[in-house]
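Report on the following structure.
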Amino acid sequence: MFGYETRDGLAMEETFHGRSSYFQQQISLAKDFVLKSEKPTGAPVNCPVCASLLSESLFEKWGLCYFLCEECWTTFAPVVAQEVKDFEKNSLLTELRRSEEYQQSSTQTRHSSWISLLKWVEHRLFRYSLRKGDWRVLIRGLRYEGLLKLIRKNPLISLTDIKGSIVAPDCYSENGYDAIFYLDTLQRRAHPLSYLQQANVFLNPGGFLFLTTRIGTGFDLLTLKGSSENIFPYEHIFLPSVKSLSLLLGKAGFKVLEASTPGMFDMAHIYKQRDALEAGNLFARFLTTEYNERMFSDFQKFLQKHGLSSTVKIVAKKL
Ligand SMILES: [Zn+2]
């Protein structure tokens, strides 16, 4: 087993070892939807973070083109925004994810990572707000009933509202929250800046944003690129670097208090998909032929420590 639980606990990403039996089914449903969907045509597109027009074509997946900004290392896929909304709200994939069986399976495979996530939130809220509870929280775009139940049972959180979830109706007010959770939602937003600016509107002055998301500068994505089975439209269309995400949060009115990359599965993904490595990628090919569990684990720890893994956890404060 590769990867380690960090001091801050597990990341939200797919638990590789206990990966849901629904994974391939989800990929298949996503592919069917995206192949039939309308794609943007024509004019070159600005980077959604720095607005640069200098980007290189990185890969194409299911007819959708992904670009890498040469200025800020953001990976992004220009999309027809309505298609992304339909994918999120009305697709067969969403129907599957709403099902009782899927929700039960997710609770089984993710429960321990949710506990770790909530500990991380509790510690940080206390550290930065110096309040021992009575926190009012808004969650955006949550997919898991089990996680919602856990948050609502937390004795330190006095109010849990929700917006844009596939498992619970909207229930929120226009402002007045101490914290807002964006858990793996930014990666599927067509307009990431305005999405982050909305977080600012909902928060009290000095309120906190807790954000987890995939990033484009993870070792597995930059190595596997379009062959990565873990990155696919419209689930992942905005994949910033840690630096470009900090820049975007600044534009949205936030100050980043801390950022870490606790991703655990870059090396596991590369080893599992070693047959898909490009012929010219000699280092990665050599690495996988020289497979050694300890060496791979050390490599993964290095990636985590230096911000090179595939997920990021951020605490940011409303300015
Ligand atoms: Zn850029």
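The values are calculated or read from the model by the stated rules, or taken from the named source; none is laboratory data. The structure displayed is predicted, hence computed values, not measured ones. When we count neighbours, we look across all protein chains shown, and the Cβ atoms used for this are built from the backbone with ideal geometry, even at glycine.
The condition (being surrounded by fewer than 20 Cβ atoms within 10 Å (Cβ to Cβ), among the hydrophobic types (A, V, I, L, M, F, W, C) and in contact (Cβ under 8 Å) with a residue 40 or more places away in the chain) is satisfied by just one residue among Trp73, Trp62: Trp62. With the condition kept exactly as written, say whether any residue in the stretch 187-194 is touching a Pro at 6+ places or on another chain (Cβ under 9 Å), touching a residue at least 24 places away in the same chain (Cβ under 8 Å) and of a type in the set (A, V, I, L, M). Yes, some residue in the stretch 187-194 is touching a Pro at 6+ places or on another chain (Cβ under 9 Å), touching a residue at least 24 places away in the same chain (Cβ under 8 Å) and of a type in the set (A, V, I, L, M).
Scanning for something closer than 23 Å to His111 by Cα, buried (at least 17 other Cβ atoms within 10 Å of the Cβ) and among the polar types (S, T, N, Q), does the stretch 210-218 turn up at least one residue? Checked against the condition, which is being closer than 23 Å to His111 by Cα, buried (at least 17 other Cβ atoms within 10 Å of the Cβ) and among the polar types (S, T, N, Q), the stretch 210-218 yields at least one hit. Taking the listed residues Ser106, Ser112, the one that is polar (S, T, N, Q), more than 16 Å from the ligand (Cβ to nearest atom) and in contact with a Phe, Trp or Tyr (Cβ under 8 Å, 6 or more places away or on another chain) is Ser106, with no other qualifying. Just one of (1) crowded, with 17+ Cβ neighbours inside 10 Å; (2) within 16 Å of the ligand (Cβ to nearest atom) fails for Trp120. It is (2). The criterion of at least 1 residues that are farther than 18 Å from Ile27 by Cβ, over 22 Å from the mean Cα position of the chain (by Cα) and charged (D, E, K, R) is met, among helices (runs of 4 or more DSSP H) falling completely within the stretch 38-141, by 100-129.
Matching residues to (1) modelled with pLDDT under 95; (2) crowded, with 18+ Cβ neighbours inside 10 Å; (3) within 16 Å of the ligand (Cβ to nearest atom); (4) of a type in the set (Phe, Trp, Tyr):
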{"position": "Ser227", "(1), (2), (3), (4)": "yes, no, no, no"}
{"position": "Asn230", "(1), (2), (3), (4)": "yes, yes, no, no"}
{"position": "Pro233", "(1), (2), (3), (4)": "no, yes, no, no"}
{"position": "Phe238", "(1), (2), (3), (4)": "no, yes, yes, yes"}
{"position": "Ser246", "(1), (2), (3), (4)": "no, yes, yes, no"}
{"position": "Gly250", "(1), (2), (3), (4)": "no, no, yes, no"}
{"position": "Phe254", "(1), (2), (3), (4)": "no, yes, no, yes"}
{"position": "Leu257", "(1), (2), (3), (4)": "no, no, no, no"}
{"position": "Gly263", "(1), (2), (3), (4)": "yes, yes, no, no"}
